[in-house]
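Peer 1: Dumping the structure here so I can ask a few things about it.
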Amino acid sequence: MYSEKVMDHFQNPRNVGEIADASGIGEVGNARCGDIMKIWIKVEDNVITDIKFKTFGCGAAIATSSIITEMAMGKTLDEAEQITNKAVAEALDGLPPVKMHCSNLAADALREAIADYRKRNG
Amino acid sequence: MQRIYLDYAATTPVRPEVLDAMLPYFSNEFGNASGVYSWSRTAHQAMDKARDTVARILGARPDEIVFTGSGSESDNLAIKGAAWANRHKGKHIITSSIEHFAVLETCQWLERQGFEVTYLPVDSVGLVDPEQVKQALRPDTILVSIMYANNEVGTIQPISEIGSILKDTQAVFHTDAVQAAGVLDLDVDKLNVDLLTISAHKFYGPKGVGVLYVRKGTNIEPLIHGGGHERKRRAGTENIAGIVGLAKALELSYEERDTENARLEALRNQLIEGLSAIPHSRVNGSLTKRLPNNVNVCFEFIEGESLLLNLDMKGVAASSGSACTSGSLDPSHVLLAMGLSHEIAHGSLRLTLGRGTTQADIDYVLQEVPPIVERLRAMSPLYRG
């Protein structure tokens with residue numbers, strides 16, 4: 001049911017962890033529905049220089065979190081903000097239809113982190 | 001890589017002896033049991049013999065055994081059939097909140113047809129209180145349906161006790177015994193039931209065949225109209241191979257029941273003990289009134305599907321009550337009814353043992369699960385060590 005790419009990111013998730021001195025933190029989802037994604041970003045000169053995640057959720061939730069850290073690394077904030085949940089799913093060679101809604105929230109978490117950074121640096 | 005199947009509550013493999021018993025009825029003895037010629041007589045004899053075997057194990061009469069196409073069909077026939085046949089006596093039905101969907105969805109459909117349904121709560125281990133059945137009874141209660149043993153947490157209900165409460169009432173008593181068949185006593189008189197459902201593929205028989213026991217004098221309206229098969233209670237040319245397989249599988253299960261139950265219970269206890277030693281875990285269901293092959297444990301801070309995927313990578317087939325595997329946005333209705341929070345219910349793991357399960361399998365699972373849980377927790381924003 002999952003693509004090979006999803007399984008690869010699920011089995012070997014990239015950039016798991018937290019950033020102690022993060023420039024911004026984003027969190028979406030809730031434990032009630034079974035998915036929580038939290039993303040930490042480090043921003044220097046408007047560019048994402050480090051990104052980490054922690055996720056409570058199913059295979060799709062973990063894989064989308066993992067791949068978005070690769071997609072966002074090195075991007076400017078404006079570029080990173082343009083990443084959509086749909087683009088994340090496509091980068092994983094698709095997700096099962098039931099997962100598109102509930103477990104495909106990584107882009108939302110990233111945007112939350114960017115918004116948090118902007119708020120802090122008002 | 002090893003492949004370890006621990007989802008016997010979902011389905012079981014057909015035993016070789018069962019397959020051998022079935023094979024003649026596909027191509028050689030293919031006759032329609034309704035005819036008058038020799039092919040039909042052979043088919044009919046095989047079916048009669050199977051019916052006698054099932055009746056003997058249930059302590060029933062052969063004409064009280066109705067062969068159906070599945071456990072879900074038997075549940076539907078029991079509930080819709082009894083509700084429809086007794087609708088002039090009342091419109092009230094009692095069931096529990098932890099039934100299989102074949103019962104719950106059927107009851108919900110009947111509500112849309114104007115019946116009223118009481119869904120009884122369960123306690124923290126998933127037990128229905130017979131006293132609550134008594135209190136829920138109304139003069140217009142026509143049907144009570146309570147499962148014999150729960151498919152998710154393995155809790156065994158006090159069916160006989162509930163049945164004796166219902167003896168002096170007009171209510172028909174049905175039990176879904178799908179998980180109990182092959183494992184617990186199915187004597188319908190001891191259980192005090194009027195209707196009882198079993199399904200062959202749960203006890204090493206083929207898929208696509210079930211039984212509804214219908215006590216003599218209990219009226220049910222058929223779901224499938226047509227020929228006069230199964231004494232007009234279920235039309236359709238009989239699945240002789242399936243019926244023969246069901247009977248053979250049931251017979252073998254009851255011959256080996258005591259030794260196999262004891263063997264599985266010992267392995268199950270090791271699994272429960274080992275898994276509950278993992279920090280922040282809890283065992284779901286009763287430790288005493290429990291199917292001998294059921295293990296159900298919740299691990300906090302992780303989600304069930306990712307646990308299952310990790311186990312699958314290690315060759316272990318298991319199941320979970322997480323939303324991702326329940327087919328809805330909510331986790332298992334059984335765990336929620338037992339009072340677990342959504343958060344915790346998402347992290348449930350069900351392992352169900354069977355004839356193929358060995359000591360080595362249990363050792364392997366106990367070695368593989370803790371590092372998987374640890375790894376997923378390290379990735380979880382909810383976990384603080």
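The values are calculated or read from the model by the stated rules, or taken from the named source; none is laboratory data. Nothing here was measured: the structure is a model prediction, and the numbers come from that model. So basically every Cβ, Gly included, is an ideal-geometry build from the backbone, and we count neighbours across all protein chains shown. Only protein heavy atoms, including side chains, enter the accessible area calculation; ligands, DNA and RNA are left aside. Shrake-Rupley method; radii C 1.70, N 1.55, O 1.52, S 1.80 Å.
Peer 1: Calculate, in nm to one decimal, what A:ARG32 and A:ASN12 gain on full extension: separation in residues at 0.36 nm each, minus their alpha carbon distance.
Peer 2: Once the chain is fully extended between A:ARG32 and A:ASN12, it gains 4.6 nm.
Peer 1: Pop out the Kirkwood hydrodynamic radius of the stretch B:142-237 from its pairwise C-alpha distances, inverse of mean 1/r, in Å to one decimal.
Peer 2: 14.3
Peer 1: Could you work out [θ]222 nm for chain B from helices alone, using -39500 (n - 2.57) per DSSP H run of at least four and dividing by all its residues? Round to the nearest 500 deg cm²/dmol.
Peer 2: -12000 deg cm²/dmol
Peer 1: Taking the Cα centre of each part, how many Å lie between the stretch B:291-312 and the stretch A:1-61?
Peer 2: A separation of 23 Å, based on Cα centres.
Peer 1: What is the log10 of I(q)/I(0) for the stretch B:1-48, computed with the Debye formula using one identical point scatterer on each Cα and no solvent, at q = 0.13, 0.29, 0.32, 0.33 Å⁻¹?
Peer 2: Cα-only, vacuum Debye calculation for the stretch B:1-48: -0.48, -1.02, -1.11, -1.13.
Peer 1: For the protein assembly as shown, just list the percent of Cα-Cα distances falling in each 20 Å bin from zero outward, please.
Peer 2: Spelled out per bin, shortest first, that is 22, 45, 27, 7, 0.
Peer 1: Also: Would you mind giving the average projected area, over all directions, of the Cα convex hull of the stretch A:24-122 in nm² with one decimal?
Peer 2: About 5.7 nm², averaged over all directions.
Peer 1: Could you calculate the FRET efficiency of B:THR259 with B:GLU131 from 1/(1 + (r/R0)^6), where r is the beta carbon distance between them and R0 is 35 Å, rounded to 0.05? Walk me through the numbers on the way to the answer.
Peer 2: Working: r = 36 Å, r/R0 = 1.03.
According to the calculation, E is roughly 0.45.
Peer 1: Over the protein assembly as shown, with the other protein chains present, what is the accessible area per residue in square angstrom, probe 1.4 angstrom?
Peer 2: That works out to 41 Å² for each residue.
Peer 1: Determine the dipole magnitude for the stretch B:117-237: charges of +1 sit on the beta-carbon of Lys and Arg, -1 on that of Asp and Glu, nothing else is charged, the reference point is the Cα centre, and the result goes in debye to the nearest 20.
Peer 2: Numbers: 12 positive and 14 negative charges, 126 e Å.
Dipole of the stretch B:117-237, to the nearest 20 debye: 600 debye.
Peer 1: If you don't mind, another one. Between rounded, prolate and oblate, where does the stretch B:276-346 land on the alpha carbon gyration tensor, with a ≥ b ≥ c its root eigenvalues, rounded for a/c under 1.5, else prolate if a/b exceeds b/c?
Peer 2: Rounded, because the longest to shortest axis ratio a/c is under 1.5.
Peer 1: Averaged across B:72-80, how many Cβ atoms of other chains sit within 10 Å of each residue's Cβ atom?
Peer 2: Details: counts 0, 0, 0, 0, 0, 0, 0, 0, 0.
Counting other chains' Cβ atoms within 10 Å and averaging over B:72-80 gives 0.
Peer 1: If you take the charge dipole of the protein assembly as shown about its Cα centre, with +1 on Lys and Arg Cβ and -1 on Asp and Glu Cβ, which of A:ILE39, A:TYR2, B:VAL66 is farthest toward its positive end?
Peer 2: The Cα lying farthest towards the positive end belongs to B:VAL66.
Peer 1: Return, for the Cα atoms of the stretch B:218-305, the radius of gyration and Dmax in Å, separated by a comma.
Peer 2: Rg then Dmax for the stretch B:218-305, in Å: 21.0, 59.
Peer 1: How far is the Cα center of the stretch B:117-133 from the Cα center of the stretch B:70-92, in Å?
Peer 2: The stretch B:117-133 and the stretch B:70-92 have Cα centres spaced 21 Å from each other.
Peer 1: Say R0 is 25 Å: what FRET efficiency, to the nearest 0.05, do B:ASP168 and B:ARG87 get from their beta-carbon distance?
Peer 2: With a Förster radius of 25 Å, E is 0.70.
Peer 1: How shielded is B:340-351 by partner chains, expressed as the average number of their Cβ atoms within 10 Å of its Cβ atoms?
Peer 2: 2
Peer 1: For chain A, what is the mean residue ellipticity at 222 nm derived from helices alone (per DSSP H run of n ≥ 4: -39500 (n - 2.57); sum divided by total residues; nearest 500 deg cm²/dmol)?
Peer 2: -13000 deg cm²/dmol
Peer 1: Right, another one. How do the peptides B:255-261, B:241-247 rank, highest first, by the average count of neighbouring beta carbon atoms within 10 Å per residue?
Peer 2: Descending mean neighbour count gives B:241-247, B:255-261.
Peer 1: Name the shape class, rounded, prolate or oblate, that the alpha-carbon gyration tensor gives for the stretch B:101-155, where a ≥ b ≥ c are the square roots of its eigenvalues, rounded holds for a/c under 1.5, and otherwise prolate holds if a/b is larger than b/c and oblate otherwise.
Peer 2: Cα axes put the stretch B:101-155 in the oblate bin.
Peer 1: Further question on the same structure: Quick check: the angle from helix B:257-276's long axis to the longest principal axis of chain B, C-alpha only, nearest 10 degrees?
Peer 2: Between helix and principal axis, roughly 30 degrees.
Peer 1: Peptides B:107-119, B:293-305: what's the order by average Cβ count within 10 Å, highest mean first?
Peer 2: B:293-305, B:107-119
Peer 1: Placing +1 on the Cβ of each Lys and Arg and -1 on the Cβ of each Asp and Glu in the stretch B:173-307, which of B:PHE203, B:PRO292, B:TYR213 has its Cα farthest towards the positive end of the resulting dipole?
Peer 2: B:TYR213
Peer 1: Which whole number gives the average count of other chain Cβ atoms within 10 Å of the Cβ atoms across peptide A:88-101?
Peer 2: Shielding by partners across A:88-101 averages 1.
Peer 1: While we're here: When all alpha-carbon pairs of the stretch B:1-114 are counted, what percent fall beyond 22 Å?
Peer 2: Every Cα pair in the stretch B:1-114 considered, those over 22 Å come to 57 percent.
Peer 1: Sorting check: for A:80-88, A:61-69, which peptide has the highest mean count of neighbouring beta carbons within 10 Å, and how do the rest follow?
Peer 2: Result, highest mean Cβ count within 10 Å first: A:61-69, A:80-88.
Peer 1: Quick one: which of B:LYS89/B:LYS202; B:LYS167/B:LYS207; B:LYS80/B:LYS207; B:LYS232/B:LYS289 span more than 31 angstrom between C-alpha atoms?
Peer 2: Details: B:LYS89/B:LYS202 35 Å; B:LYS167/B:LYS207 34 Å; B:LYS80/B:LYS207 23 Å; B:LYS232/B:LYS289 38 Å.
Exceeds cut-off: B:LYS89/B:LYS202; B:LYS167/B:LYS207; B:LYS232/B:LYS289.
Peer 1: Right, next: Is the shape of the stretch B:53-203 best called rounded, prolate or oblate, per the rule: a/c under 1.5 gives rounded, else a/b larger than b/c gives prolate, else oblate, with a ≥ b ≥ c the square roots of the Cα gyration tensor eigenvalues?
Peer 2: Numbers: a/c = 1.39, a/b = 1.22, b/c = 1.13.
In terms of gyration-tensor shape, rounded.
Peer 1: At 7 Å along the Cα-to-beta-carbon direction for both B:GLN113 and B:GLN359, put a label point, then send me their distance in nm to one decimal.
Peer 2: 5.3
Peer 1: Using alpha carbon centroids, what distance separates the stretch A:101-122 and the stretch B:210-247, in Å?
Peer 2: Measuring centre to centre over Cα atoms gives 59 Å.
Peer 1: Give me the net charge for the shell around B:GLY236: Cβ to Cβ below 15 angstrom, other residues only, Lys and Arg +1, Asp and Glu -1.
Peer 2: After counting each charged neighbour, the total is +1.
Peer 1: Turning to a different aspect of this structure: Before anything else, pin down the relative contact order of chain B: Cα pairs under 8 Å, at least 6 apart, normalised by residue count, whole percent. The partial results should precede the final answer.
Peer 2: Working: 782 pairs, mean separation 83.2, N = 385.
It comes to 22 percent, rounded to a whole number.
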